[in-house]
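Structure first, then comments.
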Amino acid sequence: MAAAQLPASPLMIRATDGRRAELALTGDIGAQALRPLEERLAAPPLSEADEWVVDMSGATHLDLACAYALLRGATRWPATALTIRGARRTVHRTLHRAGFDAVAVMED
């Protein structure tokens, strides 16, 4: 699948093979991004993937509500594996506050 991005969505799907999805979150992911983010996370192909790898190296800010939306999307099914890569210090703190340390592998 080619990279796709909806307008006003901070989420880009880089690749998916039906089982594994590679995502990228970029920019200032604030309250205005919540609804588009939730819609993308709940829709195929992400809703059908067993594993999510999320590149957060391009995210400069992550609102706590958006972090919870990502957490809900990734943990909707217990078998979904979640890896977070490249989160900046401020984004990592938000992910920690949302509880990602308990459900995700956090990579620098």
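The values are calculated or read from the model by the stated rules, or taken from the named source; none is laboratory data. Not measured: the values here are computed from a predicted model. Cβ atoms come from the backbone with ideal geometry, glycine included; neighbour counts cover every protein chain shown. When the accessible area is computed, the model is the full protein with side chains, heavy atoms only, and any ligands, DNA or RNA have been set aside. Shrake-Rupley method; radii C 1.70, N 1.55, O 1.52, S 1.80 Å.
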message: Checking Asp63 against (1) closer than 14 Å to Met12 by Cα; (2) over 11 Å from the mean Cα position of the chain (by Cα); (3) open to solvent by less than 70 Å² (accessible area, probe 1.4 Å); (4) of a type in the set (Asp, Glu): exactly one of these is not met. Which one?
response: (1)
- prompt: Taking Ala43, is it hydrophobic (A, V, I, L, M, F, W, C) and touching a strand residue (DSSP E or B) at 6+ places or on another chain (Cβ under 9 Å)?
  reply: no
- prompt: What residue, of Thr83, Thr94, Thr75, is out of contact with any Ser or Thr (no Cβ under 7 Å at 6 or more places or on another chain), among the polar types (S, T, N, Q), more than 19 Å from Ala33 (Cβ to Cβ) and open to solvent by less than 40 Å² (accessible area, probe 1.4 Å)?
  reply: Thr83
- line: Log entry, pairs with first residue in region 85-108 being within 12 Å of Ala59 (Cβ to Cβ), second being assigned to a helix (DSSP H, G or I) and among the acidic types (Asp, Glu), beta carbons closer than 8 Å, six or more apart or on different chains, reads Leu95/Asp101
- prompt: Within the bounds of region 79-96, is there any residue that is modelled with pLDDT under 95, within 15 Å of Leu11 (Cβ to Cβ) and under 13 Å from the mean Cα position of the chain (by Cα)?
  reply: yes
